There are 2 protein chains.
Amino acid sequence: MIDKHHIDALTELLGDKGVITRQEDMEAYETGARYDRGRAGAVLRPATTAEVSAAVGYCARNRLALIPQAGNTGLVSGSTPDETGSDVILSLDRLTRQFEIDMDNRSVHLDAGFRLSDLNRKLEEHDLFFPIDLGADPRIGGMIATNTGGSRFLKYGDVRRNTLGLKVVLADEAGTVLDLDCSLRKNNTGVDWKQIFIGTSGAFGIVTECVLNLERLPKQTATAFLVPSGGAHVLPLLKAMEERLGAYLSAFEGMSRNAIAAAFAHVPSLKNPFQGGNIPDYVILAEISRTWTPREGEQSLDAVLESVLAEIWGMDDAPLADGFIGPPHETWALRHALSEGVKHFGKLFAFDLSFRRGDIMAFCDHMKTEMSAQFPGVTVCDFGHIGDGGVHFNLVVEKDSPLLDEPSFEQRLREWVFAVAVEQYHGSFSAEHAIGRRNQAYYDFYTPEKLKEMAAGLKPITSPGRLGSVRFG
Amino acid sequence: MIDKHHIDALTELLGDKGVITRQEDMEAYETGARYDRGRAGAVLRPATTAEVSAAVGYCARNRLALIPQAGNTGLVSGSTPDETGSDVILSLDRLTRQFEIDMDNRSVHLDAGFRLSDLNRKLEEHDLFFPIDLGADPRIGGMIATNTGGSRFLKYGDVRRNTLGLKVVLADEAGTVLDLDCSLRKNNTGVDWKQIFIGTSGAFGIVTECVLNLERLPKQTATAFLVPSGGAHVLPLLKAMEERLGAYLSAFEGMSRNAIAAAFAHVPSLKNPFQGGNIPDYVILAEISRTWTPREGEQSLDAVLESVLAEIWGMDDAPLADGFIGPPHETWALRHALSEGVKHFGKLFAFDLSFRRGDIMAFCDHMKTEMSAQFPGVTVCDFGHIGDGGVHFNLVVEKDSPLLDEPSFEQRLREWVFAVAVEQYHGSFSAEHAIGRRNQAYYDFYTPEKLKEMAAGLKPITSPGRLGSVRFG
């Protein structure tokens, strides 16, 4: 708990609703949606950019450590406080006033506290959406702080690509507000400062408002499950699909047998669509979509997908062993059940990796081969976004396994996975969850000294105050 | 000319081919492709990143001012030396060794000295291209330093969006090489430093190598000239096309009557496709394309475009007054002749502006109305990329006009245009040519103090040496 005179001063600035200090009310903010838990000295809930500025300036002048928090749905403890009880959480959850759609510009200017689902619900009536497709339901500010990608990156890109402008509060004694809200798609008049605040976990400033690019909602969608002829055929299959479907292709998601089996086991409502119920080693969910309503004389997307699959079957050394169209709500139901299924399968160690596309399957095969020697009792339940190189590399240990009693087990496991991913396959140890307490040590270990120095140099020219859970530099 | 002992030392590092000091050989580097002219102390032509590092380190240790230069095709004097003869040009034109395509990853790792046309020629046999479509033929390093967009931004985005990795040499005493070459599409493990070097005219470091995202070459294309019912109908027309064509739409280029007339006057081979030869007030070149070869049972793109135009004609308050399909080589020939035509029409004052999409036509109309009062004798020959908000706002004065004798004319004109564009319409005064000597004053004037301070703070943590023609901060 922080000093009462600070609480009084902050209450003066933010009002009664803007400051929480009762333990039972703080708990929801101290607890991550996945598995984090810390203790906060207070929770601040400013409702406007001006209030964020006032609160941040006060904390900077009084050397209070601030942890910005959006939906707290991340994987790496980026927005939960530490155990000391001296961190002040600055929650964005009341920053939900500003909301203005510009139909001509296909953009929206909104406060950073909106949840993704709320944003998309408001956009739906305009036939628009923010095209970052996630399993979780974070708040927009957190999506910017982690630069999330999701399942349709292949077509629409990540948050960075879809961010046109930001308003940012810096942790300096004035609580300086940077207006980087240009709403323009083309603007090259100096350093594009907004890029510094995207994907850096709020360490250099707190995003309070943003202008986002919007896309038109798809009006037609077709999906299929594809079974590649083998791991080495996944990339040829992707390339064959890209060649024949171009910008129609909106997802190409890989799912391992273990991940699918876990989903079937724990979500009984799922239908098993595979022949005889036998889950193949690896399955791709491919989606194609278009934004217009069907036109006279136009082939349906199901027919397009059928004919493309037939063509690929006819190729020499065909990369496709099996493939069948399924209704999107059923195919995606399986895909979206993977996370939940894997979580129930045992104690989960989740890795959010990425690779050059050609290395994904090689990495996964390498790890599966080595796992039984290095870590017997650990099951690989991987799935991922093959189109953009992202892999949710999930490792599961049965809940009564003796491995879990080994004090250094988790650290040994993480170090080995990251060593192979980063050093051997030149991949990334954080594809779309950025850096938080949980992977700080790996940032420190894998980032070249010069880049750490540069990040340390960026701190005093942006937010000299104590901000965020990460130490860059 | 710089001291002979420096020339000797640099020749030691770069070899005879790597250093030019004869005046007649330097001229090509002292002269911009458009209209710049300066004097260089020497021209350095390193052939590898290691040579760039050696040369840059030497210059930093000896306080020599370096101007990085790629194709020198820019609009704002970003890469030409000043008049003093003390700037050393560092040309990328021999940096053309490294070239490696990764077909699985759809990316290429190449030296920054390649020209765009050379890159695309090498990619063509693989059915790939780098999707930045420009009238000029710059070198890749210059495209990164200006973050060019071009005519197909609407579909493929700008250089920033298509850059996966960079290798950068910093102007410090060691000539530090930053390896930001991750080749990954998803990587959020700290500050994304490459963003700082994109669009900042080489002021913070010299890009020597890069990894670029590639796209599949279109195999089918259809284009049409569209005549909107009026200026206020341009955006409704764009939205109607986006709704019905989605990701098919690959260009939506606006052309004013004056710009078209200038093209017809100066490129006699152009066919005038308009009824009775009468050029409408404003014309859109719309392009749709797809990456696959025609499939059985599939409508041709011409038929798709025809039926979409018919639908739009049928709308209430139809935004389309006229529209007809034309073969892409003819429609694009007119579009590509606009720059050349406008240049021959008189003395050209070119502005590279951008706006929120809904403001483009309002700005252009506003200026046309005001021009005769403010600057009689100045003709507006605008054209632009309506889909992304970019406007080539060209002002032409007849060559014998007395306006050209007024010493302050150009400055008065520029200040007025920028004031209306930036202050009244919240647009950008440099959409895709970044900052150079020519618009330094407007950077100084329009950039908030805090952002200038931050840019000044970025200099010592990246390139403390004298680098580039721009002073940020």
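Side notes on the structure shown:
- DSSP-defined antiparallel bridges as percent of all bridges, chain A, nearest 5: 90
- Using the Cβ-Cβ distance between A:Ala373 and A:Ala333 with R0 = 56 Å, the FRET efficiency computed as 1/(1 + (r/R0)^6) comes to roughly 0.95.
- Label 7 Å beyond Cα on the Cβ vector: B:Gln424 copy-to-copy distances, nm: 6.5
- Beta bridges from DSSP with both residues in the range B:4-91: antiparallel share about 25 percent, rounded to the nearest 5.
- Counting from the shortest, the label point at A:His266, 7 Å from Cα toward Cβ, is 6.7 nm from the same position in each remaining copy.
- For the protein assembly as shown, with +1 on Lys and Arg beta carbons and -1 on Asp and Glu, the positive-most of A:Val43, A:Ala350, B:Ile7 along the dipole: B:Ile7
- What separates the Cα centres of the range A:9-85 and the range B:425-473 is a distance of 35 Å.
- Within straight-line reach of A:Lys452, meaning a Cα separation under 19 Å, sit the following aspartates and glutamates at least 8 residues removed in sequence or on another chain: A:Glu423, A:Asp444, B:Asp172, B:Glu173, B:Asp179, B:Asp181, B:Asp192.
- Each other copy holds its own label point for A:Ala310; taking that point as 7 Å from Cα along Cα to Cβ, the gaps run 2.7 nm, nearest first.
- Take A:354-365, A:258-269 and order them by the average number of nearby Cβ atoms within 10 Å per residue, most first; the result is A:354-365, A:258-269.
- Euclidean distance of C-alpha centroids, the range B:179-219 and the range A:224-259, integer Å: 27
- For A:454-463, mean number of other protein chain Cβ atoms within 10 Å: 4
- Packing-based ranking, highest mean first, of B:450-463, B:433-446 given that Cβ atoms within 10 Å are counted: B:433-446, B:450-463
- Point-charge dipole on Cβ atoms (K/R +1, D/E -1) for the range A:4-91, about Cα centre, debye to 20: 160
- Given A:Lys219/B:Lys219; B:Lys271/B:Lys399; B:Lys368/B:Lys399; A:Lys186/B:Lys347; A:Lys4/A:Lys167, the pairs whose alpha carbons are separated by over 23 Å: A:Lys219/B:Lys219; B:Lys271/B:Lys399; A:Lys186/B:Lys347; A:Lys4/A:Lys167
- Counts of other chain beta carbons within 10 angstrom of each beta carbon in peptide B:244-250 average 6.
- Neighbour-limited loop hits for trypsin sites (Lys or Arg not before Pro), the range A:198-290 (at most 12 other Cβ within 10 Å; DSSP other than H, G, I, E, B): A:Lys271
- For the range A:182-210, a drop of 30 Å² or more in accessible area on going from the chain alone to the assembled protein chains (1.4 Å probe) is found at A:Leu184, A:Arg185, A:Lys186, A:Asn188, A:Thr189, A:Gly190, A:Val191, A:Asp192, A:Trp193, A:Gln195, A:Ile196.
The values are calculated or read from the model by the stated rules, or taken from the named source; none is laboratory data. This is a predicted model, so every value here is computed, not measured. Here Cβ is always computed from backbone atoms with ideal geometry, including for glycine, and neighbour counts include all displayed protein chains. All accessible areas refer to the heavy atoms of the entire protein, side chains included, with ligands and DNA or RNA removed. Shrake-Rupley method; radii C 1.70, N 1.55, O 1.52, S 1.80 Å.
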